[in-house]
1. Take the residues of the stretch B:366-381 that are at the interface with chain A (Cβ under 10 Å from one of its Cβ atoms) and touching a strand residue (DSSP E or B) at 6+ places or on another chain (Cβ under 7 Å): which is nearest to residue A:202 (Cα to Cα)?
2. Looking at the stretch A:20-28, is at least one residue surrounded by fewer than 14 Cβ atoms within 10 Å (Cβ to Cβ) and under 29 Å from residue A:164 (Cα atoms)?
3. Which condition does residue A:423 not pass, out of (1) at pLDDT 95 or above; (2) away from chain B (no Cβ under 14 Å); (3) under 19 Å from residue A:318 (Cβ atoms), if it passes all the others?
4. Looking only at strands (runs of 3 or more DSSP E) that lie completely in the stretch B:320-409, which have at least 1 residues being at pLDDT 95 or above and under 42 Å from the mean Cα position of the chain (by Cα)?
5. Within the stretch A:342-365, restricting attention to residues that are more than 10 Å from chain B (Cβ to nearest Cβ) and surrounded by 22 or more Cβ atoms within 10 Å (Cβ to Cβ), which residue is farthest from residue A:307 (Cα to Cα)?
6. Where residues in the stretch B:397-427 are in contact with a helix residue (DSSP H, G or I) (Cβ under 9 Å, 6 or more places away or on another chain) and within 18 Å of residue B:362 (Cβ to Cβ), which of them is surrounded by the most Cβ atoms within 10 Å (Cβ to Cβ)?
7. Would you point out the residue of the stretch B:192-248, among those that are on the phi > 0 side of the Ramachandran plot and over 22 Å from the mean Cα position of the chain (by Cα), that is nearest to the other protein chains (Cβ to nearest Cβ)?
8. For the stretch B:249-267, enumerate the residues that are crowded, with 22+ Cβ neighbours inside 10 Å and away from every other protein chain (no Cβ under 14 Å).
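The values are calculated or read from the model by the stated rules, or taken from the named source; none is laboratory data. Worth saying up front: this structure is predicted, and the values here are computed from it rather than measured. Positions of Cβ are generated from backbone atoms using ideal geometry, with glycine treated the same way; all protein chains shown enter the neighbour counts.
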């Protein structure tokens, strides 16, 4: 199949139908009326703005969460904005189907209406980056900028977003480090089309700096500060936000996800296929066969999934996995890789190791010999020798990985994510065995199919 | 037994008898006459000097090699000194029992006479450190200085030398890094007796600088340069040579040997025994039991002992052992220790490892993904993933340590001592097995009895 046919086929699936559009437009109109009414009733000076992919008409078919921002005048004190904003959101939500309070920089209302999720978010009514006071304030400016510049390329953005989702590089959350929707929009606006962005995967990386707002001319010093700061952080891309020269739109994009995009873009151009947009489920396989093939070993820590949102849970699992890597390397095991995640109500950390049994006697480095502590070390150990200035002795250690891990946890010698420490201490530690519900995760990890670029 | 009784008993064994003294004195007289005669016959302007422990009367009973130095006037060109010096040595040696030519900074004659080894070494007749031109020139000054300062402590020096030999800390050769005879003499002269030196093992290390020639007063700048240079080199001791402020007498003394001296001195003072001077043969043991006890593994490389003197062979063996340590660590084995040496005509390198079999599949780090080489790596490997900026792939590797070592040697991936490289390539590589003649070495190594301070 050529790229054109693939794109045509994909568009049929991701472009909203006329019916869906009509539904959405109606919904937005209704919500806007509700907002205006409620604002009047409460006697507030607030303007409602739709932001996000619905407002920019870059949403994917079936994927239409509403973001309705409630913009207060700049002179409103922050405390008042929080309070009145939440009050307004609640008053509106009372007339919708259901709602809950969600928490970001400040609390907001997440309601449901006609099967759609509706976020009612208080913010400041900013006209320029200089007015920005809270993290969400820029959204209104983003929406305006995209709408002014997109010139009918909306479907191209849809393609790029769906492609990024398909290859697992979409989302700027800290535990993803992929492309945000806004970044996808900017790239399409800058390079003209979905295919152009793919073709420039290498060029974009080399060019490194994208400045669609021309800030390097208009606000040289501020923009250069952003460039320098982000270059120091070694970001793959520096995309100066066209609505705010202080911000790198790609600040959360990691090298890993750019790498995936890089190779998948290349492969798509060589052999276009709808599979990039809608990947098949990964090949199932047997993790025990993988262990036999590789001659390596698996350790699984399985524990009750803590009651935390992904934003909190996943970074803590990652931190803990790294903690185990370090602790086990210190203990003389080689760690070839690790993975983490959850499946149903079971969270897990997996490690691939060179072995699950180690030697019984290892070498303990001691202090310098000519010290009080050296004398102590000399007296306490049966066989002692000097190498360089230091003393060394033998040390008996636990042989089995399960015992080693228990001991490490007991002695608090693993750096663990704070919120999940206690759960991990209660984990089942399994050597060369994965419980039924984690078998597939173990296979994807050990075979590296999870990250395989091919 | 108390220290006094031990010392008395040891002295009986190491102090030369009257008979031995008479023999030595006769021998020296004869050799001196021979020298004077031969010098006259050849019409040379050379003065003979006895140097070394015979000339200083600090030799151990039965251990009496003669060092006869043939001192040429300072104005003699170096080339002439080499030539005439060798000629003179040969002419003298013709009248002794046998001889050969040995090589140091310049060639000299090593003769045998009445069962004693006699070195006939050409040098310059220096009167001061400012005259010193070749490495051996200082010997005459050393002998003079010791004789002027020893004040009858000759037996104390004998005790210290024998003690250092007994604990295996004697000899300033590069492959020993222990105490030289001259250093032992200086320590006794400085601290007054064998026991005083032992008692000050800690103090001496802390004081660090010993300046028996008072150079820090007489030649401040030169002496301070020596102190600074040697401090930068992190030597355990800086003993400014009383005959030359540019030299640290203890330059070749390593921390390891000082460490041995440190603990053995302490132990001797706690529990005096003749064993320190005349150690028993190390306990015999079974190396296979050690492997079972520790759960570790042994690799032996056994090969024909190259025809090199220890001065050359041992450093090269050490270098090669370190080379194997590094190469095997790179390959994922943990190396707990290594040893080298020879037994009869068999040289060996031994390594203690965590295992002799490793996983079949390991992880190969690749280049950064956005490079030509990255593309190449991506194309050449079946499973590829990105971590940070780099690509990684799987790699099949040899499982067995013997195959791993063969492959490393074939591909020249082990840093080996130059003169023994070819021999090592022909070595038998044995896993968890030592040939009969190396069984004892394997035991001493694995049990760490070889270096055990206790």
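1. B:369
2. Yes: the stretch A:20-28 contains one or more residues that are surrounded by fewer than 14 Cβ atoms within 10 Å (Cβ to Cβ) and under 29 Å from residue A:164 (Cα atoms).
3. Residue A:423 satisfies all of (1) at pLDDT 95 or above; (2) away from chain B (no Cβ under 14 Å); (3) under 19 Å from residue A:318 (Cβ atoms) except (1).
4. Counting at least 1 such residues, we get B:335-343, B:346-353.
5. The residue in question is A:351.
6. B:401
7. Ranking the candidates gives B:192 first.
8. B:249, B:250
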